[in-house]
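Report on one structure; see the data block that follows.
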2 protein chains.
Amino acid sequence: MPAAAGSTPSRCASACGGSGPNAASALRWPAVEEGAAHDPVYRQADDYDHAMPYDPSAFPPFAVTVDLVVLTVRRHALCALVVRRGEPPHQGRWALPGGFVRVDEGLEAAAARELDEETGLHVQGPDSPHAGAHLEQLATYGAPDRDPRMRVVSVAHLVLAPDLPTPTAGGDAHSVRWAPVDTLLAPGGERSDPLAFDHTRILADGVERARSKIEYSSLATAFCPPEFTVGELRRVYEAVWGVVLDPRNFHRKVTGTPGFLVPTGGTTTRQGGRPAQLFRAGGATLLNPPMLRPEI
Amino acid sequence: MPAAAGSTPSRCASACGGSGPNAASALRWPAVEEGAAHDPVYRQADDYDHAMPYDPSAFPPFAVTVDLVVLTVRRHALCALVVRRGEPPHQGRWALPGGFVRVDEGLEAAAARELDEETGLHVQGPDSPHAGAHLEQLATYGAPDRDPRMRVVSVAHLVLAPDLPTPTAGGDAHSVRWAPVDTLLAPGGERSDPLAFDHTRILADGVERARSKIEYSSLATAFCPPEFTVGELRRVYEAVWGVVLDPRNFHRKVTGTPGFLVPTGGTTTRQGGRPAQLFRAGGATLLNPPMLRPEI
DNA sequence: TGAATAGTGTCTTTAAGACAGTATTTG
DNA sequence: CAAATACTGTCTTAAAGACACTATTCA
């Protein structure tokens, strides 16, 4: 699990930049770089290539983590996965799941591993395009004071998953839950106990990314089970955008866009009423023209 | 200047993960994390909070850099800023500008500083919305083998700038230039001497971001001088998209979108022909409906 | 005068918004 | 039966595509 404290005063700045054990060597980097004309970093390449090869203490003390914005639609509401922090800082607060990137592991691999560890969820692969969750990089957060303990740069990822049984992280169901994003993001949200660090901001960015991306891509199907009806897909849009859509125009739009939906031949009555055709996500990933989000 | 080598065999993987001076402590992190149920990182918080507070050698040896995709439109072509590498690896190759993030500096601040250092360009601020370049975070690249020397995570940023005099980084004009992105991205591009590390991929992602973003935002004005004509703005779209647009329909679209363009009252004949009205970018940032990019 | 650019207007086509009406299930 | 959902179709309207025409400059 990563970090970030918007308003917490930074202990790292003084410790690392002033009197830490490796402060001198760590500070040499920026200082040297400043005077270089261009390509300033590799001007120092010889130094760390030969004098101190691969010695971590020669580098500024950065930690790299991944944070996960895991979204799903449950009971007609867009929900995010949050875990309760067991240790300080922000002990007892809810936070986004995440963790450190391993030295020999890529960023997306780290995100997929954390997702598996905390939810048991697997990521869509080329071999399984219709099962598992959608994962993409969201943005990177690296304010110097976002974690009071040290400098942490977190590469946030966005995960879109179908509705699942409530995850039980390692069997501990008390410390992980789905929460409606409206609650988490409300000004005095979650009974005025906001998410730890800068996770409210990260969550907001992830939600906005999801909201805008389903406009011009077929990504909304990532919230659906492998086979779904047009009505179920419409309720996904309604939940993510927080609007009500005309069922008839929506039906015309999605069934009229080539490659968006592929009928499986089956039908279902799980939503009640007349049996509805079942579809799978088609190969098209870009919607052109896009699905228009209604004005506020 | 940061790093990344797509195909270079990784020396880091063996050195860091196997026999590096801090391999043991570095590897402790992922190993401990694996067994934790949830919030696994802070399960170790006590360890580094008390036993080895702020000691960089206790962390995996990550370096964090910023890379810059600086785009402009010159002579009717989308161009990117590239610098020549003076040191190995990839000595003599062209690369994206960039550099290390300082320990007490935010990611965007680091990008803005590098931009200033390498181009003299300043970033648009709240006080100067009509001058300077547009800067935004693009994506983060952290494949374990992207730099053969060590683990480098690079937060790439996208910069859109008006046409400028050729930058002379610290007076050395031989090592910095504008190059058409079509040349840099061509399969056997730049006379089969591609950009260093994974910079071709980063550049491609930045170009695609710029191409898609001017569809639904007023960001194309970032390529224009503070005052510009409708024709000049149209030529920006044509250069970025590599298409020819109908001048009349374009004129109707941009002048008919409220808040996109604000007439300054002046006119110019710098493009020849009949005098054209001068505009400034309006307050609107989102274009709805978007400017449609013609099909291929 | 001719060539280039700027700007207006008009017709057609596409597709979204609104909404009437039918079909098929469960309770 | 009513109520719920699924689906088809029609009319209107917004806006893009195509293109005719006029305006104003410079060489």
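The values are calculated or read from the model by the stated rules, or taken from the named source; none is laboratory data. Values in this document were obtained by computation on a predicted structure and should not be read as measured data. All Cβ positions, glycine included, derive from the backbone under ideal geometry; neighbour counts span all protein chains shown. To get the accessible areas, we keep the full protein, side chains included, count just its heavy atoms, and leave off ligands, DNA and RNA. Shrake-Rupley method; radii C 1.70, N 1.55, O 1.52, S 1.80 Å.
Rounded if a/c is under 1.5, else prolate if a/b beats b/c, else oblate: with a ≥ b ≥ c from the C-alpha gyration tensor eigenvalues square-rooted, which is the stretch B:155-296?
prolate
Using a 1.4 Å probe on protein heavy atoms only, how many Å² of accessible area do B and A hide from each other, summed over both chains and rounded to 100?
6300
Copy-to-copy spacing for residue B:274, label 7 Å out on the Cα-to-C-beta vector, in nm, shortest first?
Shortest to longest, the spacings are 5.5 nm.
Residues of the stretch B:243-262 with backbone nitrogen within less than 20 Å of a virtual label 7 Å along the Cα-to-Cβ line of residue B:274, please, listed as ranges.
The answer is B:245-257, B:262.
If you take the square roots of the eigenvalues of the alpha-carbon gyration tensor of the stretch B:217-281 and sort them as a ≥ b ≥ c, do you get rounded (a/c under 1.5), prolate (a/b over b/c) or oblate?
Cα axes put the stretch B:217-281 in the rounded bin.
Relative to the other copies, what are the label-point distances for residue A:130, with labels 7 Å from Cα along the C-beta vector, expressed in nm at one decimal and sorted shortest first?
Here residue A:130 shows inter-copy label distances of 5.7 nm.
Roughly how crowded by other chains is peptide B:140-149, in terms of the mean Cβ count from those chains within 10 Å of each of its Cβ atoms?
Across the residues of B:140-149, the mean count of other-chain Cβ atoms within 10 Å is 5.
Count, for each residue of A:92-105, the Cβ atoms from other chains sitting within 10 Å of its Cβ, then give me the mean as a whole number.
Taking the mean over all residues of the peptide, I get 6.
What is the distance in Å between the Cα centroid of the stretch A:225-243 and that of the stretch B:67-101?
Measuring centre to centre over Cα atoms gives 44 Å.
Only bridges whose two residues both fall in the stretch B:62-214 count here: according to DSSP, what percent of them are antiparallel, nearest 5?
Percent antiparallel among DSSP bridges in the stretch B:62-214 is about 70.
For every other residue with a beta carbon closer than 15 angstrom to the beta carbon of residue A:282, add +1 if it is Lys or Arg and -1 if Asp or Glu, then tell me the sum.
Every neighbour counted, the sum reads +1.
Averaged over B:109-120, how many beta carbons belonging to a partner chain fall within 10 Å of each residue's beta carbon?
2
To one decimal in nm, how far is residue A:165 from the same spot in the other copies, if labels go 7 Å from Cα toward Cβ? Please give the shortest first.
7.0
With every protein chain left in place and a probe of 1.4 Å, what is the accessible surface of residue B:244, to the nearest 10 Å²?
130
What residues qualify as long-range amide H neighbours of residue A:156, i.e. H under 5 Å apart, gap of 5 or more or another chain, H built at 1.01 Å from N?
Excluding prolines and chain starts, which carry no amide H, the hits are A:67, A:138, A:139, A:140, A:141.
With Cβ to Cβ distances under 15 Å as the rule, what net charge do the other residues near residue A:256 carry (K, R +1; D, E -1)?
Result for the neighbourhood of residue A:256: +3.
Please compute the per residue accessible area over the stretch B:217-281 with all protein chains in place, 1.4 Å probe, rounded to a whole number of Å².
Averaged over the residues of the stretch B:217-281, the accessible area is 48 Å².
Counting Lys and Arg as +1 and Asp and Glu as -1, what is the net charge of the other residues whose Cβ lies under 12 Å from the Cβ of residue A:219?
Cβ neighbours under 12 Å give a net charge of +1.
Using all C-alpha to C-alpha distances in the stretch A:62-214, build P(r) with 10 Å bins and read off the rounded percent in each one.
In whole percents, the pair-distance histogram is 11, 43, 38, 8, 0.
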